[in-house]
Number of protein chains: 2
Amino acid sequence: MKVLVLGGDGYLGWPTALYLSRRGHQVGIVDNFARRRYDLELGVGSLVPIADLHQRVRRWQDISGLEIDTFIGDLTDPLFASETLASFRPEAVVHFAEQRSAPYSMIDRRHAVYTQVNNVVGTLNLLYAIAEQDRNIHLVKLGTMGEYGTPNIDIEEGFIEITHRGRTDVLPYPKQPGSFYHLSKVHDSHNIMFACRTWGVSATDLNQGIVYGHQTEETGLHPELATRFDYDGVFGTVLNRFCVQAVTGHPLTVYGSGGQTRGVLNLVDTLACVELALDHPAETGEYRVFNQFTESFSVGEMATLVAGEYSGEATIAHALDPRVEQEEHYYRAAHTKLLDLGLVPHLLEPTVIRNMLDVAERHKGNVDPTVIQSRVEWRSTSSHLSTDRNFDVTVNLPGEASSVGAIAED
Amino acid sequence: MKVLVLGGDGYLGWPTALYLSRRGHQVGIVDNFARRRYDLELGVGSLVPIADLHQRVRRWQDISGLEIDTFIGDLTDPLFASETLASFRPEAVVHFAEQRSAPYSMIDRRHAVYTQVNNVVGTLNLLYAIAEQDRNIHLVKLGTMGEYGTPNIDIEEGFIEITHRGRTDVLPYPKQPGSFYHLSKVHDSHNIMFACRTWGVSATDLNQGIVYGHQTEETGLHPELATRFDYDGVFGTVLNRFCVQAVTGHPLTVYGSGGQTRGVLNLVDTLACVELALDHPAETGEYRVFNQFTESFSVGEMATLVAGEYSGEATIAHALDPRVEQEEHYYRAAHTKLLDLGLVPHLLEPTVIRNMLDVAERHKGNVDPTVIQSRVEWRSTSSHLSTDRNFDVTVNLPGEASSVGAIAED
């Protein structure tokens with residue numbers, strides 16, 4: 001199958017491209033290097049060194065004999081989006097090409113607007129290009145479990161049957177996203193659903209949980225094939241960051257009570273889920289949603305797991321929560337559709353955590369301890385991220401204090 | 001009260017500004033003249049001549065002795081949004097300043113992206129300006145009943161109590177909007193709800209039905225105080241357009257079976273509803289939704305009403321529906337919150353229709369019959385709106401035909 005991986009230079013996009021290439025698909029990568037520019041902007045970087053895209057692709061060809069096409073450009077440029085599809089003529093598009101950090105979107109007005117325009121316009125341009133060129137292209141879009149928020153009822157996969165005043169309908173599941181980033185994904189979901197209904201586009205929306213892990217069969221073949229490992233306060237996801245905190249002797253910082261519960265999955269399961277979606281495409285005009293995670297933990301449980309597996313001493317510290325979120329809540333989310341298609345989950349076993357701790361240990365010389373704590377306050381409209389590393393989080397509401405901690409979500 | 005009316009040069013914004021001015025409020029108008037530019041773009045215009053904004057405001061001062069401030073600029077410019085709020089220091093903001101035509105948003109990719117970016121970014125800039133300057137400013141935002149679509153259960157006002165697998169929660173009502181314009185309003189709703197929860201902003205989202213009518217007590221005081229009356233295929237709303245078709249001897253064109261049912265309200269009730277929202281503001285941090293319409297009709301019923309009141313001969317023609325929508329469906333929507341606040345509806349009585357027909361008759365010399373039919377096909381990604389008036393709607397799907405008709409919604 002010809003598959004275009006949008007955002008194929010990123011944490012998940014790169015291993016996905018390699019995985020699909022190795023499994024016999026003809027793969028093209030689209031990227032505008034936005035993710036690498038965020039590193040430059042924030043003064044942060046991947047814990048594990050990563051090669052640049054062209055070097056990665058050459059190295060992959062050396063090792064595997066397999067070619068990956070590259071298309072460098074920005075999906076918010078409609079001509080680029082259209083010409084790339086016309087040139088590669090994919091049968092499926094896997095769309096990771098969005099700004100994916102909740103804290104980044106909450107830095108200030110400019111970052112909020114950037115995130116929503118970048119994500120929504122990129123996806124709109126893609127939908128138009130598909131509808132204009134080939135409505136049989138299957139769109140596999142990365143959404144997030146964060147679209148649902150934390151309702152007091154079970155979360156279903158995209159839709160819910162509601163009986164109300166004696167009548168029944170199956171309707172889109174209500175959304176309560178918790179950041180301007182999560183909101184951008186909700187906007188995307190509505191736009192894509194409409195394109196499926198109106199133009200007959202076929203789309204699978206993968207509402208993904210928090211991904212942990214670093215190595216896949218393919219990225220492990222050579223250091224130049226490694227993917228990113230983020231631990232900073234803006235882009236680091238919770239389990240990866242706890243591992244870095246453990247090996248550098250910092251307390252594992254938990255926001256508030258730590259009762260925030262989220263679905264998580266192993267990086268290698270992300271790849272398997274994307275392939276399952278590709279192998280079992282949505283019907284013509286169908287918009288379907290898969291909840292893409294394998295198990296749920298509270299942030300406090302995750303901290304305890306990492307601290308328990310670390311060979312040295314690891315402490316857990318509680319900090320004020322910079323986010324506006326429920327610290328204790330009901331959480332039960334369906335995730336059977338991918339299992340029904342054959343997903344065999346790789347769960348968060350002790351060996352998995354120990355492998356992640358090993359990665360962190362091996363590269364801990366690269367850790368900049370000043371970037372680990374989160375400096376983005378949800379209640380503030382402007383969090384000052386100093387690059388000189390001598391900063392205080394400025395909170396413009398009375399009664400708030402600055403805080404440190406690992407983020408609970410993507 | 002100091003009230004800033006965003007989009008105060010438009011069909012609803014202008015009469016709202018006059019109404020609030022006359023009722024003793026200190027009113028400022030913000031506008032970027034986008035609506036007048038759409039006229040220039042499409043080669044259309046208001047049936048009833050309208051004065052330019054500065055002339056209107058001068059005329060109002062001559063007649064009433066009341067001053068209205070004007071702020072000319074674009075809300076997508078963050079500095080303009082911020083400086084305007086800082087300069088006027090409103091206690092409430094009434095936000096009409098969005099691209100409000102569904103067909104306009106469906107012309108092609110460029111118009112879809114423009115509509116979503118214009119509406120979403122303008123509202124985001126406004127939310128940031130409020131949160132940064134004064135979180136006590138009450139935001140009264142114009143939404144649309146079209147956010148809900150046509151579910152097979154009763155539509156509630158913004159939220160619905162759902163019992164699911166033995167648990168219950170009150171959640172945002174599921175949205176199924178029918179155009180990129182309606183989607184932009186759904187995106188706004190989610191963004192505003194989040195700003196209320198996160199920053200303590202207070203907002204009332206007025207999910208308005210289709211507005212009909214032209215004259216208010218204030219706009220009737222002088223021809224230079226008149227508001228727009230749109231009848232063209234892109235901006236004309238259904239009842240206004242049926243009246244123009246009747247007086248110019250054209251069949252009243254109904255899409256498909258005409259069973260599409262929508263909530264409607266009289267222009268004078270829009271003004272009353274906005275004032276009720278202002279007089280009874282949302283609580284700190286509250287996001288509330290009022291369904292702002294007074295009665296429901298199918299498109300076929302509306303055509304029959306207009307044809308029945310017209311003194312001459314009026315025929316009704318059915319055409320293929322250029323939209324992707326249900327032509328027959330269940331429709332029952334709650335609209336009690338504004339009634340509870342004291343709204344006394346002006347219903348679609350025969351005299352109201354006859355008054356609208358009189359307006360159309362008086363100005364029928366201004367009608368350009370070539371712009372009445374809709375040229376925007378939902379199923380096409382690019383509807384060619386020729387300005388030379390010798391055009392065919394190009395539909396790029398097999399089995400579709402071009403069609404003419406009055407639009408069912410805003």
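The values are calculated or read from the model by the stated rules, or taken from the named source; none is laboratory data. Predicted, not measured: the structure shown is a model, and the values here were computed from it. With ideal geometry, Cβ positions are generated from the backbone for all residues, glycine too; neighbour counts draw on all protein chains shown. Quick note on the areas: whole protein, heavy atoms, side chains included, nothing else; ligands and nucleic acids left out. Shrake-Rupley method; radii C 1.70, N 1.55, O 1.52, S 1.80 Å.
Points to keep in mind about this one:
- Counted residues, the stretch A:287-305 - those being more than 20 Å from A:ARG23 (Cβ to Cβ) and touching a Cys at 6+ places or on another chain (Cβ under 6 Å): 1
- Taking the stretch B:19-44 as the range and being in a helix (DSSP H, G or I) and among the hydrophobic types (A, V, I, L, M, F, W, C) as the test, the residues that pass are B:LEU20, B:ALA34, B:LEU40, B:LEU42.
- Scoring A:VAL324 on the criteria (1) aliphatic (A, V, I, L, M); (2) touching a strand residue (DSSP E or B) at 6+ places or on another chain (Cβ under 9 Å); (3) in a loop (DSSP other than H, G, I, E, B); (4) buried (at least 16 other Cβ atoms within 10 Å of the Cβ) leaves a single failure, condition (2).
- Here A:CYS243 meets the list (1) within 14 Å of chain B (Cβ to nearest Cβ); (2) of a type in the set (A, V, I, L, M, F, W, C); (3) open to solvent by less than 10 Å² (accessible area, probe 1.4 Å) almost entirely, failing just condition (1).
- Verdict on B:GLY285 being open to solvent by less than 50 Å² (accessible area, probe 1.4 Å), within 14 Å of chain A (Cβ to nearest Cβ) and not in a strand (DSSP E or B): yes
- Complete set of residues in the stretch A:139-151 that are more than 11 Å from chain B (Cβ to nearest Cβ) and either surrounded by fewer than 21 Cβ atoms within 10 Å (Cβ to Cβ) or basic (Lys, Arg) (or both): A:LYS141
- Residues that are open to solvent by 30 Å² or more (accessible area, probe 1.4 Å) and more than 10 Å from chain B (Cβ to nearest Cβ), drawn from the stretch A:81-90: A:GLU83, A:ALA86, A:SER87, A:ARG89
- Scan the stretch B:161-188 for residues that are more than 15 Å from the chain's Cα centre (by Cα) and small (Gly, Ala, Ser) and the total you get is 1.
- Residue check, A:ASN125 open to solvent by less than 10 Å² (accessible area, probe 1.4 Å), over 18 Å from A:LEU183 (Cβ atoms) and not acidic (Asp, Glu): yes
- Residue count for the stretch A:260-281 satisfying the condition of being over 20 Å from A:ARG100 (Cβ atoms) and open to solvent by less than 10 Å² (accessible area, probe 1.4 Å): 1.
- All of (1) touching an Asp or Glu at 6+ places or on another chain (Cβ under 7 Å); (2) in a helix (DSSP H, G or I); (3) crowded, with 18+ Cβ neighbours inside 10 Å hold for B:GLN55 with one exception: (3).
- Considering the stretch A:327-355, and only residues there that are in a loop (DSSP other than H, G, I, E, B) and hydroxyl-bearing (Ser, Thr, Tyr), the residue that is surrounded by the fewest Cβ atoms within 10 Å (Cβ to Cβ) turns out to be A:THR336.
- Top-ranked residue of the stretch B:164-218 - restricted to ones that are among the acidic types (Asp, Glu) and buried (at least 23 other Cβ atoms within 10 Å of the Cβ), ranked as farthest from the other protein chains (Cβ to nearest Cβ): B:GLU218
- For A:LEU47, the test of being open to solvent by less than 30 Å² (accessible area, probe 1.4 Å), hydrophobic (A, V, I, L, M, F, W, C) and not in a helix (DSSP H, G or I) is passed.
- Candidate set: the stretch B:91-126, residues that are more than 11 Å from every other protein chain (Cβ to nearest Cβ) and part of a strand (DSSP E or B); chosen: the one nearest to B:ALA34 (Cα to Cα): B:HIS95
- Among the residues of the stretch A:160-189, those identified as out of contact with any helix residue (DSSP H, G or I) (no Cβ under 9 Å at 6 or more places or on another chain) and not aliphatic (A, V, I, L, M) are A:GLU161, A:THR163, A:HIS164, A:ARG165, A:GLY166, A:ARG167, A:THR168, A:ASP169, A:PRO174.
- Residue within the stretch B:70-79 that is within 12 Å of chain A (Cβ to nearest Cβ), outside any helix (DSSP H, G or I) and of a type in the set (D, E, K, R) present: yes
- Residues of the stretch A:4-28 satisfying the condition of being open to solvent by less than 10 Å² (accessible area, probe 1.4 Å) and among the aliphatic types (A, V, I, L, M): A:LEU4, A:VAL5, A:LEU6, A:ALA17, A:LEU18, A:LEU20, A:VAL27
- Hey, B:ARG110 among the basic types (Lys, Arg), open to solvent by 40 Å² or more (accessible area, probe 1.4 Å) and more than 30 Å from B:GLY43 (Cβ to Cβ) or not: no
- The set of residues in the stretch B:356-385 that are among the β-branched types (Val, Ile, Thr), more than 14 Å from every other protein chain (Cβ to nearest Cβ) and open to solvent by less than 20 Å² (accessible area, probe 1.4 Å) comprises B:VAL359, B:VAL371, B:ILE372.
- When B:ASN136 is tested against (1) under 22 Å from A:ASN125 (Cα atoms); (2) polar (S, T, N, Q); (3) more than 10 Å from chain A (Cβ to nearest Cβ); (4) open to solvent by 10 Å² or more (accessible area, probe 1.4 Å), just one condition goes unmet, and that condition is (1).
- Residues in the stretch B:166-211 that are among the β-branched types (Val, Ile, Thr) and free of Cβ contacts under 8 Å to residues at least 60 places away in the same chain: 4 in all.
- Residue match in the stretch A:293-304 (condition: among the polar types (S, T, N, Q), open to solvent by 20 Å² or more (accessible area, probe 1.4 Å), in a helix (DSSP H, G or I) and at pLDDT 95 or above): yes
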